[in-house]
Amino acid sequence: MSCRSSLVWLVLVACTEGQGNAQEQVTIKIEERATPWMKEGVIHLPPAFVKSAKLQFAKVDNSELEPVVYVTGVVAFDEQRVAAVGARISGRVGEIKVVEGSKVKVGDVLATMESAELGTAQADVIAAKARVDKALIQEERHRKLREAGIASQAGVEQAVETAAVSKAELMAAQQRVRALAGGTGPSGLGLAPLRSPLTGTVIKVHVSRGQAVEPATTAFTVADISQVWVQLAVFERELAFVREHDEVELTTIDGNATVRGTVAHVSSVLDADTRSADVRVVVKNDGNLKIGQSVRASIRTAGSARETLAVPRKAVVSIDGEPTVFVSIDDTEVVPRKVQLGAESNDLIEIRSGLERGEHVVLEGAFALKAEVFR
């Protein structure tokens with residue numbers, strides 16, 4: 001027995017002077033133990049600890065539970081609102097007109113490209129326009145000569161055909177320039193503007209002035225972050241409660257911002273290792289959320305409340321990674337018992353197995369009891 005046992009009496013035998021072999025038994029009370037201890041699976045609770053830890057017990061019973069799923073997630077781009085801007089042709093980067101963080105609108109020029117290929121195509125457009133002009137003049141001249149009886153009808157038809165071919169060649173040349181993302185005017189030959197395809201923010205500039213680029217090169221990343229996604233990983237046992245359009249409250253890890261969104265997608269595929277599925281939440285963002293930021297999420301499921309065996313959340317602690325409650329034997333003894341959890345609400349948590357109705361568990365002070373016994 002430990003020297004700190006709950007109540008120990010020490011018997012001393014002493015010889016007193018003048019009494020020969022007479023023995024006097026003296027009993028000395030050792031101070032009562034102040035902390036709980038475990039013996040053969042039972043935790044003994046000294047009255048002093050019960051009082052100092054303010055232990056309270058709650059009866060296990062059925063309760064009405066409105067499931068709320070608590071998970072963590074990561075803020076990500078809305079994939080329909082992000083664009084990779086690249087060159088359509090080989091060339092070199094000329095002037096860069098934006099930096100990371102710049103606000104842009106649809107059609108704004110992000111940079112210019114210098115390309116010999118584009119210059120050649122633009123020159124072809126200019127030459128084709130000249131041929132069209134000449135062909136139209138010849139066509140008009142032949143018509144007037146025909147009206148005067150000087151030219152033949154065949155000459156007019158030939159002029160019309162030549163003009164039509166010239167127009168077709170011009171259209172083809174202009175289409176080629178458009179495919180190379182260049183203008184068809186006479187100024188700025190060989191210069192191709194890189195334009196933003198959406199209104200948003202320049203997230204990343206991937207190139208520098210004078211850099212050679214190819215059609216596969218991504219020069220800029222532009223995103224509209226006024227709306228973002230939050231990717232959540234919901235475990236298998238809670239996934240059944242989550243539905244599209246469920247309301248979600250999101251809080252940043254530092255607690256400085258709270259926003260609300262709705263479930264837009266629940267994956268039908270479980271991760272084999274984590275036994276969880278991806279749940280996507282769409283959130284309007286006023287700038288409080290940063291891409292890549294971690295958040296806490298509470299999903300208020302649309303399912304109706306139901307009667308189930310439940311205990312207050314604070315009655316459940318984790319011991320060796322397992323959810324555990326302390327079940328009362330009497331006022332001075334409890335036993336730790338592992339339980340299987342189910343759905344949760346703001347205050348309650350479902351007990352699927354491990355407890356029976358009518359049993360009593362430690363409510364207030366469960367964490368203090370764990371800290372003392374399972375150090």
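No value in this document is a laboratory result; all are computed from the given coordinates. Everything numeric here is computed off the predicted structure, so don't read it as measured data. No Cβ is skipped: glycine too gets one built from the backbone with ideal geometry, and neighbour counts run over all protein chains shown.
Of note:
- Sparsely packed loop sites in the range 86-151 (the GluC sites (Glu not before Pro) outside DSSP H, G, I, E and B with at most 16 other Cβ atoms within 10 Å) comprise E100.
- Only Cα pairs under 8 Å and 6+ residues apart enter the sum, and on that basis the relative contact order of the chain stands at 25 percent.
- A cut-off under 14 angstrom between Cβ atoms defines the neighbours of E139, and their net charge, with Lys, Arg +1 and Asp, Glu -1, is +2.
- Backbone phi angles across the range 160-166, fed through the Karplus curve with coefficients 6.51, -1.76 and 1.60 (θ = phi - 60°), yield HN-Hα couplings of 5, 5, 4, 5, 5, 5, 5 Hz in residue order; Gly and Pro are listed as x.
- Projecting label points 7 angstrom from Cα along Cα→Cβ for E247 and R143 puts them 7.1 nm apart.
- Using the Cβ-Cβ distance between T274 and A76 with R0 set to 22 Å, the FRET efficiency from 1/(1 + (r/R0)^6) comes to roughly 0.80.
- Bridging of K97 to aspartates and glutamates at a Cα separation below 13 Å is possible for D108, once same-chain residues fewer than 8 apart are set aside.
- Using a cut-off of 29 Å between Cα atoms, the listed pairs K103/K129; K144/K167; K105/K167; K129/K204 include K103/K129; K105/K167; K129/K204 as exceeding that distance.
- Shape call, the range 194-299: gyration tensor on alpha carbons, a/c limit 1.5: prolate
- Taking amide hydrogens as placed 1.01 Å from N in the peptide plane, the amide H of E95 sits under 5 Å from those of T112, each at least 5 positions away in sequence or on another chain.
- When the chain is treated as a Gaussian network with alpha carbon springs shorter than 10 Å, the biggest mean-square fluctuation among I137, I96, I253 belongs to I137.
- Under the combined filter of DSSP loop state and at most 13 neighbouring Cβ atoms within 10 Å, the range 84-180 retains these trypsin sites (Lys or Arg not before Pro): K105.
- Using the Cβ-Cβ distance between N346 and A216 with R0 set to 45 Å, the FRET efficiency works out to roughly 0.30.
- Here K51 is the anchor, and the lysines within straight C-alpha reach of less than 25 Å, apart from those fewer than 8 places off in the same chain, are K29, K39, K59, K314, K370.
- Rounded FRET efficiency, nearest 0.05, which uses the C-beta distance separating S226 from E356 and R0 of 56 Å: 0.60
- Here's how it looks for L198: its modeled amide H is under 5 Å from those of G107, which are all 5 or more places away or on a different chain.
- Over the range 116-189, Cα pairs under 8 Å with separation of 6+ residues give a relative contact order of 50 percent.
- Helix-only [θ]222 nm of the chain, DSSP H runs n ≥ 4, -39500 (n - 2.57) each, per residue, nearest 500: -7000 deg cm²/dmol
- Scanning residues 5 or more positions from A264 or on other chains, those with amide H under 5 Å from its amide H are H245, R280, V281, V282, with H placed 1.01 Å from N in the peptide plane.
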